[in-house]
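The values are calculated or read from the model by the stated rules, or taken from the named source; none is laboratory data. Just so it is clear, the model here is predicted, and its values are computed rather than measured. For neighbour counting, all protein chains shown are included, and Cβ atoms are generated from backbone atoms with ideal geometry for every residue, glycine included. We work out accessible area using only protein heavy atoms, side chains counted, and drop any ligands, DNA or RNA first. Shrake-Rupley method; radii C 1.70, N 1.55, O 1.52, S 1.80 Å.
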Amino acid sequence: RITRRPPCGRRRLGRKEEEGGSVPTAAATMSAASKTPTYQIRPEYRQRISVNEMKVVIKSVVKEELEGKTYQTESVQDQTTAIADKIRNRLRDLQKPRYKFFVQVVIGEQRGEGVRMGCRTFWDADTDAYASETYVNDSLFCVATAYGVYLY
């Protein structure tokens, strides 16, 4: 028997459809219980990132990296990168599944002037979090902020 392709835009009928019956679709054969999603939209309570955990990590990294250091213009860029990478890696070591971490570190010279920093975010307050810590000595100040965002 020679089979020919139907013209473009037309679907070839199966044997059961040619006889007048209908072929059940995959969606029709699924039971109601198997239609419920199997993926997680929200983390379980113990898997959520804690602001206190984040603050402890940030504070320890900033303190060990900057304690006893003085402000030097040439090395600030490398210091901020190293601190941000170290904070991000330690936050990853907390092993919170499906969380992505963003870290911002600002280091400036201490001249007795005030600095204000702010952020505006659009996220899910139930699953996402941020923590910020400030370190100050006689020569410099550092503000490190980490954001933990749950990926759906």
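Counting only lysines at least 8 places from residue 55 when in the same chain, those with an alpha carbon closer than 20 Å to its own are 63, 86, 96, 100. Rounded to whole numbers, the Karplus 3J(HN,Hα) couplings from phi for the range 44-59 are 5, 4, 6, 8, 6, 6, 9, 4, 5, 4, 5, 5, 4, 4, 4, 4 Hz, using 6.51 cos²θ - 1.76 cosθ + 1.60 with θ = phi - 60°, and x at Gly and Pro.
Averaged per residue, the range 45-150 has 65 square angstrom of accessible surface, using a 1.4 angstrom probe with ligands and nucleic acids left out.
Of the listed peptides 112-125, 138-151, what is their order by residue-averaged count of other C-beta atoms within 10 Å, with the highest listed first?
With the highest mean Cβ count within 10 Å placed first, the list reads 138-151, 112-125.
A simple rule links phi to the HN-Hα coupling: the Karplus curve 6.51 cos²θ - 1.76 cosθ + 1.60 with θ = phi - 60°, which for the range 114-119 gives x, 9, 10, 10, x, 8 Hz, with x for Gly and Pro.
For residue 75, what is the net charge nearby, where nearby means another residue's Cβ is under 13 Å from its Cβ and Lys, Arg count +1, Asp, Glu -1? Working shown, then result.
Working: positive: 69; negative: 65, 74, 78, 109.
Net charge around residue 75: -3.
Spatial offset of the range 43-74 relative to the range 102-127 amounts to 13 Å, using the alpha carbon center of each.
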